[in-house]
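Participant: This is the structure I have questions about; it appears just below.
The values are calculated or read from the model by the stated rules, or taken from the named source; none is laboratory data. What you see is a predicted model; the values in this text were computed from it and never measured. Here Cβ is always computed from backbone atoms with ideal geometry, including for glycine, and neighbour counts include all displayed protein chains.
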Amino acid sequence: MNLGKTLFAQIMDFLPWKTFHRIVARRGGDKGVRTLTCAEQYRAMAFAQLTYRESLRDIEACLVAQAAKLYHMGFREPVARSTLADANELRNWRSWADFAGRLITQARALYAREDLGRDLSNTVYALDSTTIDLCLALFPWANFRATKAAVKMHTLLDLKGSIPSFLHISDGTLHDVHALDLLTPEPGAIYVMDRGYLDFTRLHALHLAGAFFVTRAKSNLKAHRVYSMPTDRKTGIVCDQRIALDGFYAKQNYLALLRRVRFNDPETGKALVFLSNQMTLPAATICALYKHRWQVELFFKWIKQHLRIKRFFGTSENAVKTQIWIAVSVYVLIAIIKKRLNLDASLYTLLQILSVTIFEKMPLQQAFPGGDCNMPEGVPCNQLTLFPI
């Protein structure tokens, strides 16, 4: 039983701390540290994510208010906001990126058997980016526009479990299509992207690596039909064609045939044209795969609403990347806990409950809907009568 442990301590127990300490030692994170170790820094920042703290002063005040429980949460002493600010400023953000990558590997293994509903054996990824607006006066390093600063999160989302398998943080000037240069194509995987990633040189590199892609065609695409496959227009699929590119540079950059599927969306009435190098799947599956791309948009919306990545605790590039990577690791950690404990509640519900019960001492499963709420043996549960009869 975890009667003596707070919920926060039980959540932290799911982390692979041996791996964490190896990563920190490799990066020299605790070298010369006397007061706030990297493990304590991570706990403090994870606490801020789980309880929706808005500032360093907010973190300090809440932890001081629970001073009697800090030792059992993994803190040797109260966390000073100045010490935490210095740690975020100076300690290499790559330590947190490496640790988040380890958690992502664990989470993807847990969600590997999730079903997308299309009888696909391929791994399906959705690639997209989101922009986080910043103040140019406070974040001058985050180039974006003449009057605005921003950072971009380029994310490759594994659609089985909505786990980010790749994440790159850049300033706002990096164009989306350059994220393809950072990927290592996985043979047999399907990459679903919007029109911002339509670059035939890079798509041909995916094709040569044995990977597949599904994207939208631009209105000015120059191509001619080689032959057509039979379709059922009642399903909304107007045509399923094999095409060759006609553009001067396009046909030099992409030498193979492409698949073009035109689909009339019955819900919106819009005509959508998809391009792919996947020639064997049904045309309806190609359309459905692009519809699944919306999961990456929901992922961005979710983490912006429920994690602390829009208001930062520091203004340096290192502090911003530290906070984002720790936020991502907390998201993945909650996904791991949800799967290992077989919880039916959504990630949103889990975070909402944890935000108000983080200092409670009870078994973790009892805190969530559907958990075992029986009182453990040996714990008195008699309620005294206030007014005897």
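Participant: Based on what the data block shows, is THR215 without any contact (Cβ under 8 Å) to a residue 60 or more places away in the chain, of a type in the set (S, T, N, Q) and closer than 28 Å to GLY117 by Cβ?
Facilitator: It is false that THR215 is without any contact (Cβ under 8 Å) to a residue 60 or more places away in the chain, of a type in the set (S, T, N, Q) and closer than 28 Å to GLY117 by Cβ.
Participant: Which is buried (at least 20 other Cβ atoms within 10 Å of the Cβ), touching a residue at least 60 places away in the same chain (Cβ under 8 Å) and assigned by TED's automatic domain parsing to the domain that holds ARG22, of ARG43, ARG53?
Facilitator: That would be ARG53, the only listed residue that is buried (at least 20 other Cβ atoms within 10 Å of the Cβ), touching a residue at least 60 places away in the same chain (Cβ under 8 Å) and assigned by TED's automatic domain parsing to the domain that holds ARG22.
Participant: A further question follows. What residue, among those in the range 349-382 that are assigned to a loop (DSSP other than H, G, I, E, B) and of a type in the set (Val, Ile, Thr), is modelled with the highest pLDDT?
Facilitator: Per the criteria, the residue is ILE358.
Participant: May I ask you to say which residue of ARG108, ARG113, ARG76 is of a type in the set (Lys, Arg) and not in a loop (DSSP other than H, G, I, E, B)?
Facilitator: After ruling out the rest, the residue left standing is ARG108.
Participant: Regarding GLU77, is this residue touching a residue at least 24 places away in the same chain (Cβ under 8 Å), surrounded by fewer than 15 Cβ atoms within 10 Å (Cβ to Cβ) and of a type outside the set (Lys, Arg)? Can you show your working first?
Facilitator: Values: touching a residue at least 24 places away in the same chain (Cβ under 8 Å): yes; surrounded by fewer than 15 Cβ atoms within 10 Å (Cβ to Cβ): yes; of a type outside the set (Lys, Arg): yes.
In short, yes.
Participant: Sticking with this structure for a sec: In the range 160-178, how many are part of a helix (DSSP H, G or I) and either among the charged types (D, E, K, R) or not assigned by TED's automatic domain parsing to the domain that holds THR130 (or both)?
Facilitator: Count: 1.
Participant: Taking into account only those residues within the range 11-31 that are touching a helix residue (DSSP H, G or I) at 6+ places or on another chain (Cβ under 8 Å) and either part of a loop (DSSP other than H, G, I, E, B) or outside the structural domain of LEU63 (by TED's automatic domain parsing) (or both), which is surrounded by the most Cβ atoms within 10 Å (Cβ to Cβ)?
Facilitator: GLY29
Participant: Confirm whether VAL64 is surrounded by fewer than 19 Cβ atoms within 10 Å (Cβ to Cβ), in contact (Cβ under 8 Å) with a residue 12 or more places away in the chain, assigned by TED's automatic domain parsing to the domain that holds LEU350 and not charged (D, E, K, R). Steps first, please.
Facilitator: Working: surrounded by fewer than 19 Cβ atoms within 10 Å (Cβ to Cβ): yes; in contact (Cβ under 8 Å) with a residue 12 or more places away in the chain: yes; assigned by TED's automatic domain parsing to the domain that holds LEU350: yes; not charged (D, E, K, R): yes.
It is true that VAL64 is surrounded by fewer than 19 Cβ atoms within 10 Å (Cβ to Cβ), in contact (Cβ under 8 Å) with a residue 12 or more places away in the chain, assigned by TED's automatic domain parsing to the domain that holds LEU350 and not charged (D, E, K, R).
Participant: In this structure, does ASP246 turn out to be among the acidic types (Asp, Glu) and touching a residue at least 40 places away in the same chain (Cβ under 8 Å)?
Facilitator: So ASP246 fails the test.
Participant: Now for a separate question. Residue check: is ASP199 closer than 18 Å to ALA244 by Cα and either under 20 Å from the mean Cα position of the chain (by Cα) or among the acidic types (Asp, Glu) (or both)?
Facilitator: yes
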